[in-house]
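Presented below is the structure to which this report refers.
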Amino acid sequence: MKNFERKSDGKLYADGIAINDLAKQYGTPLYIYSQKTLTDNFNGFNKAADGVEHLVCYAVKANSNLAILGLMAKLGAGFDIVSGGELARVVEAGGDPKKVVYSGVAKSVAEIEYALNLGILCFNVESEAELERINEVAKSLNKKAPISVRVNPDVDAGTHPYISTGLKTNKFGVPIERAFLLYKHATTLSNIEIKGIDCHIGSQLTSLQPFSDALDRILLLIDRLEKENIKLHHIDVGGGLGVVYKDEVPPTPEAYMDNFKAKLKGRNLVLVCEPGRAMVANAGVLVAKCEYTKAGEVRDFCIVDTAMNDMIRPSLYSAWMNIEEADRSLTRDEHVYDIVGPICETGDFLGKERNLKVASGDYLVMFGAGAYGFAMSSNYNSRVRAAEVMVKDDKSKIIRDREELKDLWNHEHKFEEL
């Protein structure tokens, strides 16, 4: 991982700072993000799209920390959101609502009103009922609602079923055979302005072929719409580009963008994309401290202070994430461990059957933790959520304070007899 490297002293560094030192300063569990990596990742996508009018919209759901959103806004990013709360975060972080595309299958009246009043770029409509609702809300506000239809092209992304979004069996989008009729209906609605078309088929894709297959189907629909004099301003190709967790070989941003640019050549369409994981996953690590090692009859355990409430991907998706010792200069015996946490669930693990040289008090580093780590964390088992830190060169800054025990019941009320 770029900007997370092991140096000759045997220690892992985040930019110019030893991760051990950051863990001692800020405590664990600890998320650490590299500002340089985040910047390079965004600039990589943005530069790869040179030659066509485009907008790179960061997918907020991957990691919604205000500091990360603020950095993206400063770099010129747009934002892909899926809730009113994410829109509020973008605004609070200094993002431009006019660069926001709004996805999600269950937009409420209040969320639609909020987005319309802020003047977002576009709603990605996911159903016939949603289109009608957006029109009615826009009419009540005397506004025109900019929309695109999220088309479900029935393309197998070849990824984990929980993160596949482009099949007929998925809840997302409008089947491609119905999308044409929905566009025609949208032209009859007084408070709807058709802006574009949207497609997102899944996450952690490591081949360009599913993107190509989906785009070919979308382009056929665009041609059909043009014959009906329904002209589009932009095409949103979604996100989903994979990252390296173990031995994956995902396409580069350049190959990803070149694929789209070649197929869109000669078409007067703005290219919109929504990278999330590809922007932040490998810009972050999660640091855990070994509390105990425990010998079992069948396997040995490294019990850490970090759990599935801090990082749920291994438990939820059976995701493999690389875990290494923060300091390999220490003299330790090597064992094969299951790395498990304090949560009272057998499914609470960060990794299984890992060769490690570790003892109580040592730190372990989980790579690829920048996406869907803290964003999916919880207070299960009444555990406070982790701190988050940003690093650049030899400087570090807290970007989210570790929760305190009193935060666990901050919005609760003690029992009183009714």
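None of the figures in this text is laboratory data; all of them are computed from the coordinates on show. Only a predicted model underlies this, so the values are computations on that prediction, with no experimental measurement involved. Backbone-built Cβ (ideal geometry, glycine too); neighbour counts: all protein chains shown.
Values computed for the structure shown
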{"quantity": "Selection of GluC sites (Glu not before Pro), region 45-103, meeting DSSP coil and at most 16 other Cβ within 10 Å", "calculated": "53"}
{"quantity": "For the chain, share of DSSP beta bridges that run antiparallel, in % to the nearest 5", "calculated": "50"}
{"quantity": "Gaussian network model of the chain, springs between alpha carbon atoms under 10 Å - residue of 138, 106, 14 with greatest fluctuation", "calculated": "106"}
{"quantity": "Region 388-418 and region 199-215: distance between their alpha carbon centers, rounded to Å", "calculated": "37"}
{"quantity": "Mean shadow area of region 320-371, taken as a quarter of the surface of its Cα convex hull (nm²)", "calculated": "4.2"}
{"quantity": "Listed residue pairs exceeding 25 Å between alpha carbons, taken from 11/289; 143/227; 61/184; 2/61; 139/265", "calculated": "143/227; 61/184; 139/265"}
{"quantity": "Kirkwood Rh, angstrom, the chain [1 / mean 1/r, Cα pairs]", "calculated": "22.7"}
{"quantity": "Dimensionless Rg ratio for region 34-279, taking C-alpha atoms and the 2.2 N^0.38 Å reference", "calculated": "0.95"}
{"quantity": "Residues in region 22-65 reached by a label modelled at residue 291 [backbone nitrogen below 20 Å; 7 Å Cα→Cβ]", "calculated": "23-31"}
{"quantity": "Percent RCO, i.e. relative contact order, over region 34-279, from Cα pairs under 8 Å lying at least 6 residues apart", "calculated": "21"}
{"quantity": "Long-range Cα-Cα pairs in region 34-91 (distance over 12 Å), rounded percent", "calculated": "64"}
{"quantity": "Hydrodynamic radius of region 1-101 per Kirkwood, over alpha carbon pairs, in Å", "calculated": "15.2"}
